[in-house]
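Here is the structure we will look at.
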Amino acid sequence: SEQLKAVFFSGEPWLVHCATRAELAAAAKDEGAEALLPAVVRAAAPRLPDEVRVGVLDCSKKLPSGKTTLQRFKLDGSLSPTLVLVANGRAPRQVTSALLSKHGSSSALFPTPRQQAAALVSFVAAAIEPRVAALSKTEHLTAHCLRRKLCAVVISDGELKGAAARTLQRLLKEYRAVSFVTVNTARYDFSLSKLMPTAADGAAGGKDKGGKDKAEPRLLAVRSSTVGGGDKSSKEKGQQKMSVLAKAHRDAFSLEPLRAFLADHVAEALEMKPLRRLPQIKWRKQASASDGGGSGSG
């Protein structure tokens, strides 16, 4: 349903409590869905980040695929309460005592509700923070971009700083369904760089160590999908064939033009071209260690 899509695939942060059908029916007659929320969630709710929505869902109800939500996302329905955090277009994460213990939950055998609520708030705040992956090889590109439905590759001559870095941080939170990655072409060769439009020299790119103007960053929208079902072995190894479409952003690397471009990307309204070959990233041998770069994960 559209509601399920909004929760699990919009990229927006949701904390979901999986309730039984009997519980949902009883709540509908009496006090409403809020009464179904576990005490720890009710205690944590006022302190959760503003962008987090809290909901109740019948996770045992069958989806059009024939699977339940529990089966579709490999959730353990035997845990009580069954809490799931969804954010940034990534796979849902089930909230467990082991996860909460890493965020300040008491090591006591029976931690208090207040301690559990504080740990839940800490976990949620950390988990929903969007991150950008700094790519250094093709495997990173595949994992963080090509295996995500929507991706945006930011190509820059050196590390992002100043206005460009601040712009990217704004976009991360506004377009959570998009996986953002960066490629530092001062250190790495990106196979699609030569096909990108020429950026305006010195605009928003800052200066290099020699005092020369750098070209402003460029952004490439990427949309990927798997082709055909593939056999079980290829699925398990992540070796399914992919169809990759791309389109370069041609305006300035500034907030409003990028917002309009990414809004069309999310709506799948961009006129994108298929790539004949999957893009690659390789180390530039002539790059010096002082140029920055490296790898991150998000």
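Highest average first, the peptides 174-181, 275-282, 159-166 ordered by how many other beta carbon atoms sit within 10 Å of their residues are 174-181, 159-166, 275-282. Global size of the stretch 137-187: 11.3, 30 Å for Rg and Dmax (C-alpha atoms, Rg to one decimal, Dmax whole). Over all orientations, the stretch 36-107 has a Cα convex hull whose mean projected area works out to 5.9 square nanometres.
Taking label positions 7 Å along the Cα-Cβ direction at both LYS241 and LYS273, the computed distance is 2.2 nm, reported to one decimal.
Bear in mind these aren't lab numbers, they're just calculated from the coordinates by the rules spelled out. None of the values given here were measured: they were computed from a predicted structure. Here Cβ is always computed from backbone atoms with ideal geometry, including for glycine, and neighbour counts include all displayed protein chains.
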